[in-house]
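Here the structure comes first, spelled out in structure tokens, and everything after it is commentary.
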Amino acid sequence: MAATPHELTGLPLPPAMNMDISTDMPPLPMSYEHFREKHPAEIIVIEEKKIEEHSLSWPQYQFVVSKAKFPAMVAGYGAGKTEAGVIRALRLKFEYPDQNVGYYLPTYDLIKQIVFPRIEELLVEYGYAYFLNTSDKELTIYGMKGKMIFRTMDKPERIIGYEHAHAIVDELDTLKTDKAAEVWRKIVARNRQKTPDGSRNTIAVATTPEGFKFVYDRWKRKPMKGSQIIKASTVSNAANLPEDYIDTLRDTYTDAMLEAYIEGEFVNLTQGSVYPEFDRKLNACRSVVKSGETLHIGIDFNVGHMAAVVHVLRDGQPRAVDEFVDLLDTPALIAAIEAKYQHEGITQKHRVIAYPDATGKSRKSCNASQSDIALLKQARFMVLAKSTNPFVKDRVAAFNKLIHKDGERCYKVNIDACPHLVEGLEKQAYNKNGEPDKTSGIDHVIDAPGYFVAYRFPIIHGKARKTNLKGI
């Protein structure tokens, strides 16, 4: 006999969980503090077996057992939304063993690296035999007719050819609004298997809020019938995080970002200026290149609009001291850099470290057979570039943190030497899709230093780290 939600959690359901939840659902009967006092450690039980002691946070618990048609766990970084999503998926699978459960993530890498290992770990601990078909992205638990079906959201047109009774959609709000809407429509169409007890099908969302996008529109601004928002602060899951994790987040992000990425609040992240804290007076410096000094040059590849910004490091902090704009192609940029900083008349030539757009490994800005990055290496520039570019939001966040954070302005610009960069930092705004505007023509000279900042002072998994480059 299939286990009930009560048996799966070992706890009585709060009164609100037994209700036909809708957008006008009354407040939950317990505060988080009361919940933790009464239930310091929840026991996940499946078919009367004591499986594993899980210390679920109050928001995780609500999400796992929610009977809403469309529950959404809107959570800060590290709040445990994927863990809650996995446990909810297994709860539904055991409650309805003959039905399929769908699990969606933005990319296959996230499924393979995060969800597959955690589900396998739990099933081993539960003592169930299973078969994971990584090619078909399906998991079968022996003795159960239904499957767990895993799909990505990067290509919505591939969400076809199967059915499920319940689904979990992880990080839906990281998609562009129109793409998220298309994915949602596809998932709703797949969610049509009948349950043996006649209960309604559910689609649960677990996501970090990314401004006023799809989840805000459907769960907050104009809520769908049957929707429920479960807010989850990073603090609610502090016991399962490194001791300094939350402090590191606070040190890394702007105040608006902290509201989203710690508190799980919907805030304006995509309107107004991209670099609102930049000030041509407060971020100004008089730094110039010294003889023989190492140059750190961020580069953006664009035919006819090649851009590069030259930096030097003073006490480990970046100073923008020169710029190259609107050059024809990569050979023209290399020639310009060499003519200014490596010509024969210089007493001590400068060592050049290039931080280019990572797509230059395959893209060409000229008709030569070599890639742009290969041309930089051929010029004997030291090239530092990851295999892929960071997310734009992380590159912008890293840049903004250097521009101004907690009263410190670490990124300084020689205003006279870099007039185009200054104009770009002052004027670039977000477009209607919540992305840095690319139509004004000022974006190239801003992207160029952004690649340097993203490499040397990156934001990685919610933490700011300074890359250790000994000797350079």
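The values are calculated or read from the model by the stated rules, or taken from the named source; none is laboratory data. Bear in mind the structure is a predicted one, so any value in this text is a computation, not a measurement. So basically every Cβ, Gly included, is an ideal-geometry build from the backbone, and we count neighbours across all protein chains shown.
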Expected output for segment 407-423 (first residue assigned by TED's automatic domain parsing to the domain that holds Ile442, partner surrounded by fewer than 16 Cβ atoms within 10 Å (Cβ to Cβ), Cβ below 6 Å, 6+ apart or cross-chain) is Arg409/Leu282; Ile415/Arg280; Ile415/Ala284; Val422/Arg280
### Task
Taking Asp300 as the residue in question, decide whether it is of a type in the set (Asp, Glu), closer than 29 Å to Asp406 by Cα and either in contact with a Ser or Thr (Cβ under 6 Å, 6 or more places away or on another chain) or in contact (Cβ under 8 Å) with a residue 24 or more places away in the chain (or both).
no
Screening Glu37, Glu33 for residues that are of a type in the set (Asp, Glu), assigned to a helix (DSSP H, G or I) and at pLDDT 50 or above leaves only Glu37
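Yes or no, residue by residue, for (1) more than 26 Å from the chain's Cα centre (by Cα); (2) surrounded by fewer than 19 Cβ atoms within 10 Å (Cβ to Cβ); (3) closer than 13 Å to Tyr104 by Cβ; (4) not assigned by TED's automatic domain parsing to the domain that holds Ala89:
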residue: Glu138; (1), (2), (3), (4): no, yes, no, no
residue: Ile159; (1), (2), (3), (4): no, no, yes, no
residue: His166; (1), (2), (3), (4): no, no, yes, no
residue: Glu182; (1), (2), (3), (4): no, yes, yes, no
residue: Arg192; (1), (2), (3), (4): yes, yes, no, no
residue: Ser199; (1), (2), (3), (4): yes, yes, no, no
residue: Thr207; (1), (2), (3), (4): no, no, yes, no
Reported set for segment 213-225 where residues are in contact (Cβ under 8 Å) with a residue 60 or more places away in the chain and hydrophobic (A, V, I, L, M, F, W, C) is Val215, Trp219, Met224
For Arg380, the lone unmet condition from (1) closer than 23 Å to Asp255 by Cα; (2) modelled with pLDDT of 90 or more; (3) basic (Lys, Arg); (4) outside any helix (DSSP H, G or I) is (1)
- Query: Scanning for something in contact with a Pro (Cβ under 8 Å, 6 or more places away or on another chain), assigned to a helix (DSSP H, G or I) and farther than 16 Å from Cys418 by Cα, does segment 319-331 turn up at least one residue?
  - Reply: no
Of those in segment 384-427 that are under 25 Å from the mean Cα position of the chain (by Cα) and among the acidic types (Asp, Glu), the residue nearest to Ser273 (Cα to Cα) is Asp394
Checking Gly85, Gly102, Gly80 in turn, the sole residue that is on the phi > 0 side of the Ramachandran plot and of a type outside the set (Val, Ile, Thr) turns out to be Gly80
Does Lys147 count as in the same structural domain as Val215 (by TED's automatic domain parsing) and at pLDDT below 95? no
Within segment 369-405, restricting to residues that are among the β-branched types (Val, Ile, Thr) and in contact (Cβ under 8 Å) with a residue 40 or more places away in the chain, the one that is surrounded by the fewest Cβ atoms within 10 Å (Cβ to Cβ) is Val392
Checked segment 225-270 for anything exposed (fewer than 15 other Cβ atoms within 10 Å of the Cβ) and not in a helix (DSSP H, G or I); matches are Lys225, Pro242, Glu243, Asp244, Asn268
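Considering only segment 315-324, state which residues are charged (D, E, K, R) and either at pLDDT below 95 or closer than 17 Å to Phe399 by Cβ (or both).
Initial filter on segment 315-324 (charged (D, E, K, R)): 315, 319, 322-323.
Of everything in segment 315-324, those that are charged (D, E, K, R) and either at pLDDT below 95 or closer than 17 Å to Phe399 by Cβ (or both) turn out to be Asp315, Arg319, Glu323.
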For Pro106, state whether it is assigned by TED's automatic domain parsing to the domain that holds Lys220, surrounded by fewer than 22 Cβ atoms within 10 Å (Cβ to Cβ) and closer than 23 Å to Tyr216 by Cβ. yes
Quiz item: Is it true that Ser291 is farther than 26 Å from Gln62 by Cα and crowded, with 16+ Cβ neighbours inside 10 Å?
Solution: no
query = Does Asp255 count as free of Cβ contacts under 8 Å to residues at least 12 places away in the same chain and of a type in the set (Asp, Glu)?
reply = yes
If you go through Val274, Val215, the only one that is more than 18 Å from Lys69 (Cβ to Cβ), outside the structural domain of Val352 (by TED's automatic domain parsing) and either in contact with a helix residue (DSSP H, G or I) (Cβ under 8 Å, 6 or more places away or on another chain) or not hydrophobic (A, V, I, L, M, F, W, C) (or both) is Val274
* Is one or more of the residues making up segment 451-462 surrounded by 13 or more Cβ atoms within 10 Å (Cβ to Cβ), at pLDDT 80 or above and either touching a His at 6+ places or on another chain (Cβ under 7 Å) or under 18 Å from Asp326 (Cα atoms) (or both)? -> yes
